[in-house]
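Scroll down for the structure; my scribbles are underneath it.
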Amino acid sequence: MSGSPQSPEQQQAKRPPRSRREQTRTAGLVILSILITLFAVLNVKEVKVNWIVGSGHAPLIIVIAISLLVGIVLAHFAQRRAGRRQ
């Protein structure tokens, strides 16, 4: 290992240029982030949430986000279980 640490500028100078695929992926992620932010800002209205044992009020974006997370977790476990059967 070399004795002198390199500055961030020197490290970046050694990095090869980004490929077209990486640039496209980065642009897509930026656009997706903007859309998600707009979606969140436009869905701040309070909604009534009915639970099995009661009800409450929460911002719509929170209800959507929790539903999305629960769906992701359930899909993950369903996929793992299907993989074990094969």
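The values are calculated or read from the model by the stated rules, or taken from the named source; none is laboratory data. All values reported here derive from a predicted model rather than from experimental measurement. Virtual Cβ from ideal backbone geometry, glycine too; neighbours counted across all protein chains shown. Only protein heavy atoms, including side chains, enter the accessible area calculation; ligands, DNA and RNA are left aside. Shrake-Rupley method; radii C 1.70, N 1.55, O 1.52, S 1.80 Å.
Do we have any residue at all in the range 17-38 that's modelled with pLDDT under 80 and either among the hydroxyl-bearing types (Ser, Thr, Tyr) or in contact with a strand residue (DSSP E or B) (Cβ under 9 Å, 6 or more places away or on another chain) (or both)? No; the residues of the range 17-38 include none that is modelled with pLDDT under 80 and either among the hydroxyl-bearing types (Ser, Thr, Tyr) or in contact with a strand residue (DSSP E or B) (Cβ under 9 Å, 6 or more places away or on another chain) (or both).
Among all positions in the range 42-56, there is at least one residue which is modelled with pLDDT of 90 or more, among the basic types (Lys, Arg), over 20 Å from the mean Cα position of the chain (by Cα) and open to solvent by 100 Å² or more (accessible area, probe 1.4 Å).
Checking each residue in the range 37-86 for being among the hydroxyl-bearing types (Ser, Thr, Tyr) and part of a helix (DSSP H, G or I) picks out THR37, SER67. Considering only residues in the range 26-41 that are among the β-branched types (Val, Ile, Thr) and closer than 14 Å to ALA65 by Cα, the one that is surrounded by the most Cβ atoms within 10 Å (Cβ to Cβ) turns out to be ILE36.
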